1. For the list (1) in contact with a Phe, Trp or Tyr (Cβ under 8 Å, 6 or more places away or on another chain); (2) within 30 Å of P311 (Cα to Cα), I need the number of the one condition that R240 fails.
2. May I ask you to list the residues in the stretch 318-347 that are surrounded by 21 or more Cβ atoms within 10 Å (Cβ to Cβ), among the aliphatic types (A, V, I, L, M) and closer than 20 Å to V149 by Cβ?
3. Name, by its number, the condition in (1) surrounded by fewer than 20 Cβ atoms within 10 Å (Cβ to Cβ); (2) in a helix (DSSP H, G or I) that does not hold for G183.
4. Going by the structure shown, is Q238 under 26 Å from Y284 (Cβ atoms), modelled with pLDDT of 95 or more, surrounded by 19 or more Cβ atoms within 10 Å (Cβ to Cβ) and not aliphatic (A, V, I, L, M)?
5. Looking at A340, A350, A361, A305, can you tell me which residue is assigned to a loop (DSSP other than H, G, I, E, B) and at pLDDT below 95?
6. Looking at the stretch 2-25 only, could you name the residues that are crowded, with 18+ Cβ neighbours inside 10 Å and assigned to a loop (DSSP other than H, G, I, E, B)?
7. When you look at I253, is it under 19 Å from the mean Cα position of the chain (by Cα) and over 28 Å from H345 (Cα atoms), yes or no?
8. Among the residues of the stretch 270-325 satisfying the criterion of being within 18 Å of the chain's Cα centre (by Cα) and of a type in the set (K, R), which is nearest to H345 (Cα to Cα)?
Amino acid sequence: MSDQRDPDPYDALLLLSFGGPEGPEDVVPFLQNVTRGRGIPDERLREVGQHYFRFDGISPINGQNRALLDALRKDFADHGLDLPVYWGNRNWAPYLTDTLRAMVADGHKRIAVLATSAYASYSGCRQYRENLADSLAALEAEGLDLPRVDKLRHYFNHPGFVRPMIDGVLASLASLPEDVRTGAHLAFTTHSIPTAAADSAGPGGGAYVAQHLDVAQVIVDAIREQTGVEHPWQLVYQSRSGSPQTPWLEPDICDHLETLHGEGAPAVVMAPIGFVSDHMEVLYDLDTEAADKAAELNLPVARSATVGADPRFAAAVRDLLLERAASERGRTAERCALGALGPSHDLCPAGCCPSRAARPAAAGADSPYA
């Protein structure tokens with residue numbers, strides 16, 4: 001990691017996340033925010049919200065973001081980095097616009113943004129940039145002086161993100177009964193997205209799947225080096241939503257478990273490499289639905305941990321921030337990355353991860369805000 005300690009030109013870091021309900025009364029309003037503009041009736045939202053109601057209407061994502069905030073602030077303080085860290089969400093309190101307004105009131109003018117999504121896609125990158133543009137437009141309408149916001153690069157292959165996942169898979173393998181451990185299959189999971197969105201992800205298309213495959217290969221190679229076992233593996237998907245007529249990435253994790261059982265696999269480790277923390281998709285789609293399917297099949301499974309607030313991830317965020325700061329000052333900085341794809345771009349080019357309807361997006365080459 002870089003030894004550079006100068007965050008200039010940045011005077012604050014913004015942790016930008018999805019948000020989630022924190023009680024039963026929040027569930028439908030939260031889902032209204034998520035689905036705004038789609039005309040979905042409240043009755044349908046209450047049906048969708050059953051996943052949350054099973055957990056008392058509480059999504060773990062906000063608590064996990066608070067833990068990450070604490071880890072970031074501790075890491076910054078421990079390494080002499082005097083930079084405040086704020087938090088804003090797209091779909092629930094603390095809302096992004098409110099947080100940016102508070103940052104302006106506190107005098108911040110150049111803000112680095114870390115999104116809690118590691119990979120390239122419309123929903124994982126450009127939509128966050130669109131939300132930033134919406135919030136900046138709202139502040140501009142209020143007559144406020146706008147800060148410049150720069151989104152830190154995709155970190156899917158940063159060592160501080162990947163190595164905790166390697167350790168998580170190793171721990172899950174060790175938790176399996178010894179007689180099935182060596183033959184266990186690895187199912188690397190991520191959020192399914194429409195195939196059209198996957199095809200257009202990244203500057204040249206196809207980045208979403210390619211990045212996940214690259215991370216999975218790094219993990220498999222590390223497992224082999226540490227255990228001497230080459231585990232069979234596959235990238236699979238979860239959390240599909242939307243119209244059944246729209247093609248989405250497959251196979252689904254539950255279908256994959258059925259296939260593996262039919263092929264005689266002795267056990268499976270489910271590794272949610274597409275997620276930063278154990279939020280609702282992980283708790284419900286893996287720990288509930290997929291675990292129930294495995295029990296029905298009498299198939300031993302283990303689910304590895306996400307990165308969450310691991311100190312190595314907090315250090316990676318510091319590294320990404322200082323790397324980008326050096327670049328903005330015209331300095332050359334080490335850009336850490338594992339695997340075959342190398343470090344991602346700092347500035348999303350025009351047309352990267354396009355949306356179906358053109359909308360302004362901040363923190364990219366096509367940003368209306370310099």
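The values are calculated or read from the model by the stated rules, or taken from the named source; none is laboratory data. None of these values were measured; they are calculated from a predicted model. Don't worry about glycine lacking a Cβ; one is built from the backbone with ideal geometry, like all the others, and counts go over all protein chains shown.
1. (2)
2. L320, L321, L322, A325
3. (2)
4. On the way: under 26 Å from Y284 (Cβ atoms): yes; modelled with pLDDT of 95 or more: yes; surrounded by 19 or more Cβ atoms within 10 Å (Cβ to Cβ): yes; not aliphatic (A, V, I, L, M): yes.
Criteria met by Q238.
5. Working: A340 fails: at pLDDT below 95; A361 fails: at pLDDT below 95; A305 fails: at pLDDT below 95.
Selected residue: A350, the only one of A340, A350, A361, A305 that is assigned to a loop (DSSP other than H, G, I, E, B) and at pLDDT below 95.
6. We begin by selecting, within the stretch 2-25, every residue crowded, with 18+ Cβ neighbours inside 10 Å; these are 7, 10-22.
P7, Y10, D11, F18, G19, G20, P21, listed by residue number.
7. On the way: under 19 Å from the mean Cα position of the chain (by Cα): yes; over 28 Å from H345 (Cα atoms): yes.
Judged against the criteria, I253 is a match.
8. It comes out as R318.
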